[in-house]
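First the structure, in the form of structure tokens, and then the observations on it.
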Amino acid sequence: MSGTILLLFALAAAFIAATKLGWLSKRGRGQGAEHWPVFPKQVLAPFTRPLIATAALAALSAQAADCYSIKDPDLKHHCLATTKHDPSYCYRIKAPDSKNACLAETKSEQSNCYRIEDPNRRNDCLGTLKHEQSYCYRIQDPDERNACLGGVKTERSYCYRIAAPDERNACVAEVNSQRAHCYQIKNPDARSDCLARTK
């Protein structure tokens, strides 16, 4: 349902933009035929900006909608923080390492990564935030290391080295921006998080 609404908003925004640019004028290509109804500029201008803003908000809401189906409260708040680009959701996360990882991701501040106690999560945070693979190589867990390298290098070959199927599919989906891999994730919370993160 949300995809249909998003499509309607996108079409309306495209129609308005084409009208404003004069592509849909009353005199089309030498024939003088009217292809579309063209509104006077005085009528068009007042609702153009709100309609485009609403279309953009609908796109954000479509991604955030996947977050609301997540049962784990910390994961749900992290998902909402990253999809809505709103760090206030991070402060609702109870686990300190997860809260700091969320703040680092939404605020793009390295200082939050250094507050993470788990060395693997800290290096993943720093590698992702700084976009430096050297931090990924410091991660002891091979699956976490390959997920970090897949994200930093944006190479799915690292994702295919991940042994756990759900984590592998989440990595491939995020690196390639392919939602189809999210649907292969068996864990419902991880699947919803994946869907929210990929467009």
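The values are calculated or read from the model by the stated rules, or taken from the named source; none is laboratory data. These figures come from a predicted structure and were not determined experimentally. Methodologically, a virtual Cβ is constructed for each residue, glycine included, from the backbone with ideal geometry; neighbour enumeration extends over all protein chains shown.
Structure above, values below:
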| item | result |
| --- | --- |
| Selection count where residues are of a type outside the set (A, V, I, L, M, F, W, C) and either on the phi > 0 side of the Ramachandran plot or buried (at least 19 other Cβ atoms within 10 Å of the Cβ) (or both), scope the range 128-137 | 3 |
| Long-range neighbours under 8 Å by Cβ, at least six apart or interchain, first residue under 15 Å from GLY150 (Cα atoms) within the range 109-138, second buried (at least 19 other Cβ atoms within 10 Å of the Cβ) and among the basic types (Lys, Arg) | CYS136/ARG145; TYR137/ARG145 |
| Elements of type helices (runs of 4 or more DSSP H) in the range 119-199, at least 3 residues being more than 21 Å from THR106 (Cβ to Cβ) | 142-153, 156-159, 165-176 |
| Subset tally (residues that are among the β-branched types (Val, Ile, Thr) and farther than 19 Å from GLN140 by Cβ) for the range 91-124 | 2 |
| Among residues of the range 90-112, those that are over 18 Å from GLY127 (Cα atoms) and surrounded by fewer than 21 Cβ atoms within 10 Å (Cβ to Cβ), counted | 5 |
| Those residues of the range 74-99 which are over 19 Å from ALA170 (Cβ atoms), within 19 Å of the chain's Cα centre (by Cα) and either assigned to a helix (DSSP H, G or I) or aliphatic (A, V, I, L, M) (or both), in sequence order | LYS84, PRO87, SER88, TYR89, CYS90, LYS99 |
| Residue identified as modelled with pLDDT of 90 or more and touching a helix residue (DSSP H, G or I) at 6+ places or on another chain (Cβ under 8 Å) among GLN184, GLN178 | GLN184 |
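Each row is one residue, and each column tells you yes or no for (1) loosely packed, with under 13 Cβ neighbours inside 10 Å; (2) over 21 Å from ASP118 (Cβ atoms); (3) charged (D, E, K, R).
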site	(1), (2), (3)
ILE139	no, no, no
GLY150	no, no, no
TYR158	no, no, no
ILE162	no, no, no
ARG168	no, yes, yes
SER177	yes, yes, no
